[in-house]
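In what follows, a single structure is set out as structure tokens and then discussed.
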Amino acid sequence: MSSTTWADARGLCTFVDASPSPFHVCATVSVMLEGAGFTRLDERESWATEPGKYYLVRGGSLIAWSTERVNRTAPFRIVGGHTDSPNLRVKQHPDLVSAGWQMVGLEPYGGAWLNSWLDRDLGLSGRISVRVGNAVEEKLVRIDEPILRVPQLAIHLSEDRKGVHLDPQRHVNAVWGVGAEPRSFIEFVAEKAEVPADTVLGWELMTHDLAPSSVVGTDESLVSAPRLDNQGTCYAGTQALLAAAEFPGDHVPVLALFDHEEVGSMSDRGAFSDLLSTVLERIVIGRGGGREEFLQVMAGSVCASGDMAHATHPNYPDRHEPAHRIAVNGGPVLKVNQNLRYATDSAGAGAFAVACDQAGVPLQRYVHRADLPCGSTIGPITASRTGLSTVDVGAAQLGMHSSRELMGAWDVRAYADALAAFLTPTG
Ligand code: CO
């Protein structure tokens, strides 16, 4: 594997802290790819025809690949993941006053565990559309200052002190000051972004916890961080692609990171879009192939859909399938669901098991309790949109969709090793 860059727990912490929004995930991955000699392509232009290392960004999604040193008819090996995480996002008319407090109206994105967003010092990130003449330009925004807070109710004011039911309409607005006159939050954002307030025409702005990610435990065996679902995969997948691009093989390694998984993937850049299939077809066309050759290549290609997996929770072991205990630092996880909430079939399971064997890491097998609704991933969507043989895999964590999640420190490397081996199958 490449010695210049490799996955470890502290590297993951740095990655996550640099990436508070899907747009920032793409920016962080872009910097890593550019540092390894990848060239950014524009979907609106003709693409370079010479073999090489390339990537493109569509909104909060990114696809990267290397055709260096692989023959023209090589099938794809794809690692997929998602760049978005559940959080609280800014409404269109965010300025509120309540009981003398100045508030910012927020709305949950995806299946956020609302309790975990209370009483945290929150920053803001995302992107804004800025009017320049009659054109509109996108600008990334990031405010790493504690400007927002969603305050919890005092226990003395809750009914029978058993906690409160959190209503997503009424209970997750943030305070950002006091005073009877509403202030314009978007004006404040414009000032921070150094653009005139009246030029800000649209925004995708979201909150993030400002506490830095850290390696925790007396033996430093755990990573405590926000957005591990699914930046754990974005980080491991990027490292895997960088390693795979260094080795000639019989496959074209591809990294596909999609926005909007947490809300169903149906957007111009989600896994339900044409993004992956058009990019893969253009890779074949760029190498002199046609539709027939593209379809041949697709038939031999395999996708590993990477997303985080549920470790068995020590305080709630009864919530898990008793014969399928999943341990942190126990190695990558194969996710199987008979009702196809995960795309894994026996062929995909075989491909990933071989990759784990080649990487020298153990493989764990996850099955959700049959009496609890199972979550899903980009796996079934990618499989049905592209016809690619797909396997759902991940790394174990606790507290999925909390604003602060926990995974095994050793698993970061093991997961990246397995994904790298998956991208470069040998023999
Ligand atoms: Co996920």
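Some observations on this one:
- Of the trypsin sites (Lys or Arg not before Pro) in segment 34-73, the ones in a loop by DSSP (not H, G, I, E or B) with at most 11 other beta carbons within 10 Å are ARG44.
- The share of alpha-carbon pairs in segment 138-217 lying farther apart than 19 Å comes to 57%.
- Among LEU56, LEU241, LEU114 the positive-end extreme of the charge dipole of the chain (Cβ point charges): LEU241
- Among beta bridges that DSSP assigns inside the chain, antiparallel share in %, nearest 5: 70
- Here the Karplus curve 6.51 cos²θ - 1.76 cosθ + 1.60, taken at θ = phi - 60°, turns the phi angles of segment 222-233 into couplings of 10, 10, 9, 7, x, 6, 4, 8, 9, 6, x, 6 Hz, with x standing for Gly and Pro.
- Listed by chain and number, the lysines whose C-alpha is less than 30 Å from the C-alpha of LYS192, apart from same-chain residues fewer than 8 away, are LYS91, LYS139.
- Here segment 130-170 and segment 286-357 have alpha carbon centers that stand 34 Å from each other.
- GluC sites (Glu not before Pro) within segment 10-100: DSSP coil, no more than 11 neighbouring Cβ in 10 Å: GLU45
- Projected onto its three principal axes, the C-alpha set of segment 87-209 covers 58, 33, 23 Å, listed from the longest axis down.
- Cross-link partners for LYS53 among the aspartates and glutamates, with Cα-Cα distance under 13 Å and sequence neighbours closer than 8 places in the same chain left out: GLU34, GLU68, GLU246.
- A simple count of charges around HIS310, restricted to other residues whose Cβ falls under 14 Å of its Cβ and scoring Lys, Arg +1 and Asp, Glu -1, yields -1.
- In the full protein context, the chain carries 43 Å² of accessible surface per residue, based on a 1.4 Å probe and ignoring ligands, DNA and RNA.
- Nearest-ten-degree value, helix 409-423 long axis tilted from longest Cα axis of the chain: 40
- Percent accessible area from carbon and sulfur atoms, the chain, protein chains only, probe 1.4 Å: 52
- Near-label residues of segment 38-77 by backbone N, under 15 Å of a point 7 Å along Cα→Cβ of GLN296: 71-76
- Here the sum of -39500 (n - 2.57) over DSSP H runs of 4 or more residues, divided by the residues of the chain, equals -8000 deg cm²/dmol at 222 nm, to the nearest 500.
- Segment 136-149 - phi-based ³J(HN,Hα) in whole Hz, Karplus 6.51/-1.76/1.60, Gly and Pro as x: 10, 10, 8, 9, 6, 10, 8, 10, 8, 10, x, 8, 10, 7
- In order along segment 33-49, phi translates into HN-Hα couplings of 5, 4, x, 9, x, 6, 10, 7, 10, 10, 4, 7, 10, 5, 8, 4, 9 Hz, rounded to whole numbers, per the Karplus curve 6.51 cos²θ - 1.76 cosθ + 1.60 with θ = phi - 60° and x for Gly and Pro.
- In degrees, nearest ten, helix 346-359 long axis to first principal axis of the chain (Cα): 90
- Computed from the Cβ-Cβ distance with R0 of 60 Å, the FRET efficiency linking ARG161 to ASP274 stands at 0.70.
- Rg to Rh quotient for segment 197-252, alpha carbon positions, Kirkwood Rh: 1.20
- For VAL252, the amide hydrogen comes within under 5 Å of the amide hydrogens of PHE76, ARG77, counting only partners 5 or more places away or on other chains and with H modelled in the peptide plane.
- Distant-in-sequence amide H partners of TRP203 (H built 1.01 Å from N, under 5 Å): SER129
- In a fully extended conformation the segment linking TRP47 and LEU96 would gain 12.8 nm over its present Cα-Cα distance, using 0.36 nm per residue.
- Cubic angstrom per residue, convex hull over Cα atoms of the chain: 153
The values are calculated or read from the model by the stated rules, or taken from the named source; none is laboratory data. If you're wondering where the values come from, they're calculated on a predicted model, not measured in any experiment. We place every Cβ from the backbone using ideal geometry, glycine too, and count neighbours over all the protein chains shown. The accessibility values were calculated without ligands, DNA or RNA, using every heavy atom of the protein model including side chains. Shrake-Rupley method; radii C 1.70, N 1.55, O 1.52, S 1.80 Å.
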